[in-house]
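Below is one structure; the comments refer to it alone.
Quick note: the coordinates plus some simple rules give every number you see, no bench work behind them. These numbers were taken from a predicted model, which means no experiment stands behind them. Heads up, the Cβs are rebuilt from the backbone with ideal geometry, glycines too, and the neighbour counts pull from every protein chain shown.
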Amino acid sequence: MSLLLSLLAATVMGQDPVKPRPTFDQAAAWKVLTTQCDFGPRVPGTPGHLKCRDYLVETFKKSCDSVKTVELTHNWSKGKKVTMWNIVATQNWEKATTRVVLLAHWDTRPTADQEESAAKRKQPILGANDGASGVAVLAELARAADFPKSVGIAYILTDGEDLGPSLEEMFLGAKHIVQSRANTKQYFGDNVPNYGILLDMIGDKSLRIPVEPNSAYYAPKLMGAFYDHAAKIGLGSTFPKVYGPSIEDDHICLNDAGIPVIDLIDFDYEPWHTLGDTVDKCSAESLGKVGKMLHSWLKLDPPFSGPVK
Ligand SMILES: [Zn+2]
């Protein structure tokens with residue numbers, strides 16, 4: 001059909017012609033990454049944190065059946081009580097037969113502790129990769145979702161992952177999910193997920209996400225199937241079947257509580273926990289690769305079944 005004819009047809013049908021969008025639009029994901037960074041550091045207790053929370057809630061409302069925040073508090077070793085919010089959004093959660101929880105942390109590190117100078121170490125990081133990247137992919141995945149009727153998704157944006165300074169005060173949002181049966185019910189209702197996939201630091205320009213050993217320990221069959229699928233759709237060089245470093249992340253406490261979760265992370269990132277973790281170190285192409293992989297995986301019917309071990 002010619003352009004004129006298609007415009008005419010659209011007018012006849014009473015609609016404006018809409019430019020088609022790709023299934024996972026990396027440019028749209030990139031916009032979500034830069035918008036988060038425009039709020040500045042998203043450290044609990046700061047204005048940037050509150051603004052970003054509201055923006056993310058509004059963003060997920062456009063594509064999900066339900067969106068809510070779950071509040072948690074922590075008496076921080078730095079002498080103040082901090083309030084945090086996990087953001088929970090679902091699609092087709094009740095009716096599904098395969099339920100997948102997708103996670104990424106939305107908070108950012110309060111201190112750039114990997115900087116060499118003591119003055120810089122006291123400042124908060126921007127977290128373009130360590131914070132904004134995983135959230136950006138999940139937001140665009142939620143928009144692009146055209147998953148089978150059997151599949152239900154819960155998107156959980158965790159807070160307090162990177163509060164610190166030590167490990168005891170990290171992963172606070174994820175720990176809250178499994179702190180008690182009543183807590184878990186706040187997130188998933190009566191339907192616990194079959195498994196989960198965690199995204200962290202997946203925006204690096206030179207992206208390479210090797211097998212994370214803790215994930216391979218907790219869910220070897222799931223991990224194997226996921227990496228096989230990556231190779232099958234031409235993403236084998238982004239998801240190479242080789243071991244990377246073992247990572248302490250939001251997935252550990254969930255696995256220990258019986259919810260299998262694998263971690264997709266590119267820890268080979270020079271500006272990690274420095275003031276240099278900025279948008280110029282990330283790329284839309286990298287978000288696109290992870291988005292394409294997850295989109296393709298979740299369109300499988302079912303996206304993995306059977307025991308993860
Ligand atoms: Zn971090």
Note to self: Within a 10 angstrom radius of the beta carbon, how do Glu140, Glu248 rank from fewest other beta carbons to most?
What the structure shows: Glu248, Glu140
Notebook entry, point to check: Using a cut-off of 18 Å between alpha-carbon atoms, which aspartates and glutamates can reach Lys62, once sequence neighbours fewer than 8 places away in the same chain are excluded?
Noted result: Asp25, Asp54, Glu140, Asp146
Margin query: Once each part is reduced to its C-alpha centroid, what is the distance from segment 236-254 to segment 89-116 in angstrom?
Written below: 15
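Using only helices, what value at 222 nm comes out for the chain when you add -39,500 (n - 2.57) per DSSP H run of length 4 or more and divide by the total residues, to the nearest 500 deg cm²/dmol? Please report the intermediate quantities before stating the final value.
Numbers: 11 runs with 107 residues, N = 309.
It lands at -10000 deg cm²/dmol.
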Next item on the list: Just the ratio, please: alpha-carbon radius of gyration of the chain over 2.2 N^0.38 Å, N its number of residues.
Entry: 1.00
Checklist line | Highest-MSF residue in the chain out of Asn75, Asn255, Asn194 [GNM, Cα springs under 10 Å] | finding: Asn75
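Report, for the chain, the % of DSSP beta bridges that are antiparallel, rounded to 5. Each step should come with its number before you reach the end.
Values: 16 of 34 bridges.
So the antiparallel bridges amount to about 45 percent of the total.
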Check: Sorted by mean Cβ packing within 10 Å, highest first, what order do the peptides 257-265, 55-63 take?
Finding: 257-265, 55-63
Checklist line | Tilt relative to the chain, helix 220-232 - C-alpha long axis, 0 to 90 degrees, to 10 | finding: 50
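Based on the mean of other beta carbon atoms within 10 Å per residue, what is the order of 168-176, 21-29, 293-301, most packed first? If you can, show how the numbers build up before the last one.
Numbers: 168-176: 21.7, 21-29: 17.1, 293-301: 18.8.
The most tightly packed comes first, giving 168-176, 293-301, 21-29.
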Next item on the list: Of the listed pairs Lys149/Lys185; Lys19/Lys205; Lys68/Lys289; Lys175/Lys241; Lys68/Lys292; Lys78/Lys122, which have alpha-carbon separations greater than 18 Å here?
Entry: Lys149/Lys185; Lys19/Lys205; Lys68/Lys289; Lys175/Lys241; Lys68/Lys292
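Which length gain, in nm to one decimal place, applies between Tyr55 and Ala27 when the Cα-Cα distance is subtracted from 0.36 nm times their residue separation? Mind dumping the intermediate values first?
Numbers: separation 28, 0.36 × 28 = 10.08 nm, distance 1.79 nm.
Using 0.36 nm per residue and subtracting the Cα-Cα distance, I get 8.3 nm.
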Checklist line | Mean Cβ neighbour count within 10 Å, used as a protection proxy, ranking 232-240, 218-226 highest first | finding: 218-226, 232-240
Next item on the list: Neighbouring Cβ atoms within 10 Å as the yardstick, rank Cys64, Cys52 fewest first.
Entry: Cys64, Cys52
